[in-house]
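Reading through the structure tokens given below for one structure.
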Amino acid sequence: MASQNDASVGLNSGQEIKQLVFQLSYEQVIEKLQEVFSQMPNPENYVIKQLSEDLGFDITQVKIRFYNKGYYIK
């Protein structure tokens, strides 16, 4: 029974580490997108394509991010 508790603790710790890594990378992604948005609110398609490759997102996701950011600023 103790081994089951140890296994679940290890699993929770692994999940917490994955969440921490995701949060750190998510924050870096947001910072990068905000940096590019401040320089060019309406980027060309080649910029969006490069960002999507660099950040590991679909082109559509990056386009939506820029659209939403521009919409909320207005």
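Here, each number is a calculation from the coordinates, and none is a lab measurement. Small disclaimer: the values here were computed from a predicted structure and weren't measured. Methodologically, a virtual Cβ is constructed for each residue, glycine included, from the backbone with ideal geometry; neighbour enumeration extends over all protein chains shown.
Tell me, in nm to one decimal, what length is gained between Y71 and M40 on full extension, where the rule is 0.36 nm per residue of separation less the Cα-Cα distance?
Between Y71 and M40, full extension yields 9.7 nm more.
Tell me the net charge near Q28. Cut-off is 12 Å between Cβ atoms, Q28 excluded, with +1 for each Lys or Arg and -1 for each Asp or Glu.
-3
Tell me the label-point distance for the pair I64, Q50, using the 7 Å Cα-to-Cβ offset, in nm and rounded to one decimal.
Using points 7 Å along Cα→Cβ, the separation is 2.5 nm.
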